[in-house]
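Below: one structure, written as structure tokens.
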Amino acid sequence: MAMFEEARKTAVERNQDKVADLEDQYKATIESKSAGIDADRADNEEEIGPPIPSDLNMRSSEPKQEEDSDDEIGPTPPKADQVEETEDEVEETLDQKIPMTNEVIMKHGTKTVSALALDVSGARLVTGGYDYDVKLWDFAGMDASLQSFRKCTPCESHAIHSIEYSATGENILVVGGNAQAKVLDRDGFEVMECKKGYQYIVDQASTQGHTAMLNCGCWNPKVKNEFMTCSNDGTVRLWNVDSIKHKHLVKTKTTQGKKTIPTTCSYSKDGKLIAAACQDGSIQMWDYKRYVNVAKTCRNAHMNGTDTSCLTFSYDGQAIATRGGDDTVKLWDLRKLKEPVAVANNLFNKFPMTDCCFSPDDKMVVTGTSLNRGETQGKLVFLERLSLQRVMESNVSDSHVVRCLWHPRLNQLVIGTGNGECKLYYDPEKSHRGAKLCVVKTARKKNDVQFVSHQKIITPYALKMFKEDREMSTKKQVEKARKDPVKSQAPMKPISGSIGVDGRVMAHGSTLSQYVAKQIATRKPDDRDKDPRAAILRHAEEAAKDPYWSGQAYHKTQPVTILQEEEKSDEEDDVPAWKKPKL
């Protein structure tokens, strides 16, 4: 330990000497620099570097009043108030934020496009219509011909009412006009089908599925495999992909406690609320996992008896917009749901699935209008969020505008129309990917099939092995192929007689008569063919000697066995039954 102490002391002494030397050097450099600065200030003529040009010296010697002279280069700097005005001019207005400079038309079919959805990344689009078809489109795989890569009919002969991608984009929820919703994977193959309930049970809570036509469906934004559907049976049901039975059931009721039909349903963006709009004009909301009592409600949101076609939450989660069957769009504040914040009227609606949606920045509400009597153009209407004043109206189709979607990542608009067209609108500068990927690709050219003319050479005197068959009509070709057992795939005929044919030996019992005779000969005796009375009487002698089963019971009361006497036939037995008197 003493050795270590001595080593530490010597190290400290040496370091102190070095630190003192460094401090002296640092002070000397500071003093020299300060002395040089003072010398430069005192003598400005001692300049370092090349001399300044003469014209610059003359300009610097001129007075500073040249601010107003004509020798200035470039524009004068703006003032503070001018800077504020230019900043206001640079800021875009609401109509300038709408990406509708370019249009792409994708043909779904000939009937109304009643459902459409984009996945979260915006890579794929799925459309459904009144023609029962569901088509899947891949922007990265398409070219300028704009052809879908898959087509299917998941609901058979039922129109498609709603389609939506899950939060992860793995599954697609398809809601049709039947009572069973289906879940497809990303490529359009079926994953599961919901169970149908028993329609003769009055209490819907006792059934395991919907019993009437579905109206709408949507995915939970927070739970991966959970989705919700609403139906004409007056219930909203929550499902899981892993089970065909519903998880929870919510009954929608009027103020009198009677059943009412939910026409649309939706989750809030945070997944904490479940909302449904009903046919009595009400909007009803429940807390997630608390489905007994209604958390929030507005009974007179829209006209009673009309179908509220859409209910959507804003991105900030503070408001909802509803598209009513009474030709209105209303904005509601979730904190005060009794009265609407704003109302937009005269928006004709003909379809029970007409959409409305918020813009990605939550500053506008977008909806479409149907064709009224005398109108020839379907319109896409953009409304300012706070007041629902019309920002812009655009004639986008010669038919109804049913569905509309504004994707936040792509910044592109997708429109579903009544003539079977799906239209995409984008701005080359403001939009990203999506339709921009497929528009720039040239359509693939079809390979022309090259036909080689075949000349028929007729050689009537050639040998049979070298002769070519003459051209025959289609009827003769079919008749000739029918006679060929290989081409017609005719079954082998049974062998008749006792001699084999084509290497096949006739087996015993191959004919019907031989088979029947063989079955009769080899048949085992059946106990049911025996006479039951004779089978019992064969034990009579043994029972008389040892009456164990029946004699012991009547040994004391009836030592002598008394049997029923045989009834004598009367003369009336010869009388027909219809002449006998009824007793």
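Quick notes on this one:
Let's see how each residue does on (1) within 20 Å of Val294 (Cα to Cα); (2) of a type in the set (Gly, Ala, Ser):
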site	(1), (2)
Gly197	no, yes
Ser206	no, yes
Thr211	no, no
Thr254	yes, no
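- Check on Tyr315, without any contact (Cβ under 8 Å) to a residue 24 or more places away in the chain and of a type in the set (Phe, Trp, Tyr): no
- Residue count for segment 335-377 satisfying the condition of being assigned to a loop (DSSP other than H, G, I, E, B) and either open to solvent by less than 60 Å² (accessible area, probe 1.4 Å) or out of contact with any helix residue (DSSP H, G or I) (no Cβ under 9 Å at 6 or more places or on another chain) (or both): 29.
- Counting only strands (runs of 3 or more DSSP E) that sit completely within segment 167-216, those holding 2 or more residues that are open to solvent by 10 Å² or more (accessible area, probe 1.4 Å) and closer than 17 Å to Leu238 by Cα correspond to 190-193.
- For segment 217-240, the candidate set comprises residues that are open to solvent by 20 Å² or more (accessible area, probe 1.4 Å) and outside any strand (DSSP E or B); within that set, the residue that is nearest to Val174 (Cα to Cα) is Asn225.
Conditions tested, residue by residue: (1) more than 11 Å from the chain's Cα centre (by Cα); (2) under 11 Å from Tyr132 (Cα atoms).
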{"residue": "Cys155", "(1), (2)": "yes, yes"}
{"residue": "Ala167", "(1), (2)": "no, no"}
{"residue": "Gly177", "(1), (2)": "yes, yes"}
{"residue": "Gln180", "(1), (2)": "yes, no"}
{"residue": "Leu184", "(1), (2)": "no, no"}
{"residue": "Lys196", "(1), (2)": "yes, no"}
{"residue": "Gln204", "(1), (2)": "yes, no"}
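- Options Thr322, Thr254: the member that is more than 27 Å from the chain's Cα centre (by Cα) and not hydrophobic (A, V, I, L, M, F, W, C): Thr254
- Residue list for segment 242-263, restricted to those being in contact with a strand residue (DSSP E or B) (Cβ under 6 Å, 6 or more places away or on another chain) and either touching a residue at least 60 places away in the same chain (Cβ under 8 Å) or assigned to a loop (DSSP other than H, G, I, E, B) (or both): Thr252, Thr260, Thr263
- Selection from segment 146-157 of residues that are open to solvent by 70 Å² or more (accessible area, probe 1.4 Å), in contact with a strand residue (DSSP E or B) (Cβ under 9 Å, 6 or more places away or on another chain), in a loop (DSSP other than H, G, I, E, B) and not acidic (Asp, Glu): Gln147, Phe149, Thr153
- Residue count for segment 312-334, restricted to those that are among the hydrophobic types (A, V, I, L, M, F, W, C) and outside any strand (DSSP E or B): 1.
- Hey, Ile105 part of a strand (DSSP E or B), modelled with pLDDT of 95 or more and surrounded by 11 or more Cβ atoms within 10 Å (Cβ to Cβ) or not: no
- In the set (1) out of contact with any Lys or Arg (no Cβ under 6 Å at 6 or more places or on another chain); (2) open to solvent by 20 Å² or more (accessible area, probe 1.4 Å), Gln412 fails one condition alone, (2).
- Within segment 406-417, residues that are at negative phi sit with their Cβ atoms under 7 Å from residues that are charged (D, E, K, R) and in a loop (DSSP other than H, G, I, E, B), at 6+ positions apart or across chains, in these pairs: Leu410/Arg433.
- Residues in segment 422-445 include at least one that is surrounded by 17 or more Cβ atoms within 10 Å (Cβ to Cβ), outside any loop (DSSP other than H, G, I, E, B), hydroxyl-bearing (Ser, Thr, Tyr) and modelled with pLDDT of 85 or more.
The values are calculated or read from the model by the stated rules, or taken from the named source; none is laboratory data. Small disclaimer: the values here were computed from a predicted structure and weren't measured. Heads up, the Cβs are rebuilt from the backbone with ideal geometry, glycines too, and the neighbour counts pull from every protein chain shown. Accessible surface is based on the protein model in full, side chains and every heavy atom, while ligands, DNA and RNA are left aside. Shrake-Rupley method; radii C 1.70, N 1.55, O 1.52, S 1.80 Å.
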